[in-house]
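Participant: Structure incoming, see below.
The values are calculated or read from the model by the stated rules, or taken from the named source; none is laboratory data. Given the structure is predicted, the values throughout are model-derived calculations rather than measurements. Virtual Cβ from ideal backbone geometry, glycine too; neighbours counted across all protein chains shown.
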Amino acid sequence: MTLWREKRKIFITCARGTAGILVSEIQSHHLAVFSVLETAIETEGTLADTIRLNLSLRTAQRILYLVDAFPAGQAQDLYQRLVKYPWEKLIAADGYLSVTSSVDTDAVDDTRFANVKTKDAIVDRIRDREGRRPDSGPGRHGTVVHLHWEGERCEIWLDTSGEPLSRRGYRKIPLEAPMQETLAAAVILATGWDGKTPLVNPMCGSGTLAIEGALIALGRAPGILRQNFGFMHILGFDRTAFEKERDTLKKAAHRKAPGEIIATDIRSDAVEAARQNARTAGVEHLIEFSVCDFRETPMPVGYGVVVLNPEYGERMGDAGKLGEIYRGIGDFFKNRCMGYRGYIFTGNLELAKKVGLRTKRRLPFYNGPIECRLLEYELYQGSRKNGGGMMERD
């Protein structure tokens, strides 16, 4: 089959609130954007194009390549269509298959049944043609086929990512309730930080924001550490071409970042975890780590970006005890961060009111199912053309 060189629909999923940022990323790779949904972008390209996208996109979760689309009123229609497809040309008989799905149809009562029918059709076809069949299971370490069945329309996709792209491969010590790497990258990109000025991250936890910031500053592709992708298990995969693409991306990255990156946390175990994660990511030398209360975080003179992701009482801690911390962030911004743009990522807007400063922007994001905001504060003194400096909330 010629799927590696055939242009087809590509569906790129993302976290809620990050689609606009993902659009900019896709367009930077000179691909057209055909539709923008709340959690996905539709574009077009070859199966070979998905290699570069998997390695390069910072805010994407999964990259799906369309295999087939057809009507199906019942489960048997699905099976009959798929058993006729030449899967033996895509999946090795001695390989491993996983089926995922999103199903919203009256044809089946249980999504698991749709998964089983899809898996059965694929392995039955391969066994019929090759005399043996691939193993199958829930793990996404081999070939991953995704079924999207809505109403009477079925779409069959190859999940070229396999494991979600948020799993970069560097976060060996995640600590409690860590921010996903793709969300952290989206937050840094949303601040507009360009890597030329300081990026300061108090309350750094496992270091994800600082590490993603370092990767952005270097222009380093976020996927180059990963050793396994779904596309690697599709027949016709060219290992040499993949290694060449990865080497090209490695050489395109800068060796140094002009702006300082500072990450602090009051917990020594968090700072050690962040340091080890940064070491695995190859950016430890770019980040200045220290153990201290967020109020004592060293702030380079001048201007830059300071971003905090404090607890917000949903999964960690008690929201009733966090008010003092948010008030303290407001004091820290006022007393230590003049000239900077300040950002707080939180899922608790009631707590955010205790910061006591007027926000310039409130950007919506989702941390899993939790609706959050990235709150921007412009931290300056004196007057500007439109009047006013940093203002406290009434």
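Participant: Tally time: how many residues in the stretch 116-126 are within 12 Å of residue 99 (Cβ to Cβ) and either at pLDDT below 95 or aliphatic (A, V, I, L, M) (or both)?
Facilitator: Initial filter on the stretch 116-126 (within 12 Å of residue 99 (Cβ to Cβ)): 116-123.
If we keep only those that are either at pLDDT below 95 or aliphatic (A, V, I, L, M) (or both) as well, we get 116, 121-123.
Going through the stretch 116-126 one residue at a time, the tally reaches 4.
Participant: Which ones in the stretch 334-364 are crowded, with 18+ Cβ neighbours inside 10 Å and farther than 23 Å from residue 197 by Cβ?
Facilitator: 346, 347, 348, 351, 352
Participant: Another question, then. Yes or no: the stretch 307-321 includes at least one residue that is in contact with a helix residue (DSSP H, G or I) (Cβ under 9 Å, 6 or more places away or on another chain), modelled with pLDDT of 95 or more, of a type in the set (Val, Ile, Thr) and outside any helix (DSSP H, G or I).
Facilitator: Within the stretch 307-321 (the criterion being in contact with a helix residue (DSSP H, G or I) (Cβ under 9 Å, 6 or more places away or on another chain), modelled with pLDDT of 95 or more, of a type in the set (Val, Ile, Thr) and outside any helix (DSSP H, G or I)), the answer is yes, since at least one residue qualifies.
Participant: Go through the stretch 245-260 and count every residue that is touching a residue at least 24 places away in the same chain (Cβ under 8 Å) and not in a loop (DSSP other than H, G, I, E, B). Spell out the reasoning first.
Facilitator: In the first step, residues of the stretch 245-260 are kept if they are touching a residue at least 24 places away in the same chain (Cβ under 8 Å); the result is 245-246, 249-250, 252-260.
Checking which are not in a loop (DSSP other than H, G, I, E, B) leaves us with 245-246, 249-250, 252.
Of the residues in the stretch 245-260, 5 are touching a residue at least 24 places away in the same chain (Cβ under 8 Å) and not in a loop (DSSP other than H, G, I, E, B).
Participant: While we're on this one: Among the residues of the stretch 339-351, which ones are of a type outside the set (Phe, Trp, Tyr) and under 9 Å from residue 378 (Cα atoms)? Talk me through it step by step, then tell me what you get.
Facilitator: Pass one, the stretch 339-351, residues of a type outside the set (Phe, Trp, Tyr): 339, 341-342, 344, 346-351.
Matches in the stretch 339-351: 339, 341, 342.
Participant: Looking at this structure, is residue 169 over 21 Å from residue 96 (Cα atoms), under 15 Å from the mean Cα position of the chain (by Cα) and not hydroxyl-bearing (Ser, Thr, Tyr)?
Facilitator: Here the answer is yes, as residue 169 does meet what is asked.
Participant: Within the stretch 233-244, track down each residue that is in contact (Cβ under 8 Å) with a residue 60 or more places away in the chain and part of a helix (DSSP H, G or I).
Facilitator: Selection gives 233, 241, 242.
Participant: Within the stretch 95-207, which strands (runs of 3 or more DSSP E) (wholly inside it) include 3 or more residues that are under 30 Å from residue 282 (Cβ atoms)?
Facilitator: Values: elements: 96-104, 143-150, 153-159, 199-201.
In the stretch 95-207, the matching strands (runs of 3 or more DSSP E) lie at 199-201.
Participant: Quick one: in the stretch 269-304, which of the residues that are in contact (Cβ under 8 Å) with a residue 40 or more places away in the chain and of a type in the set (Lys, Arg) is nearest to residue 329 (Cα to Cα)?
Facilitator: 295
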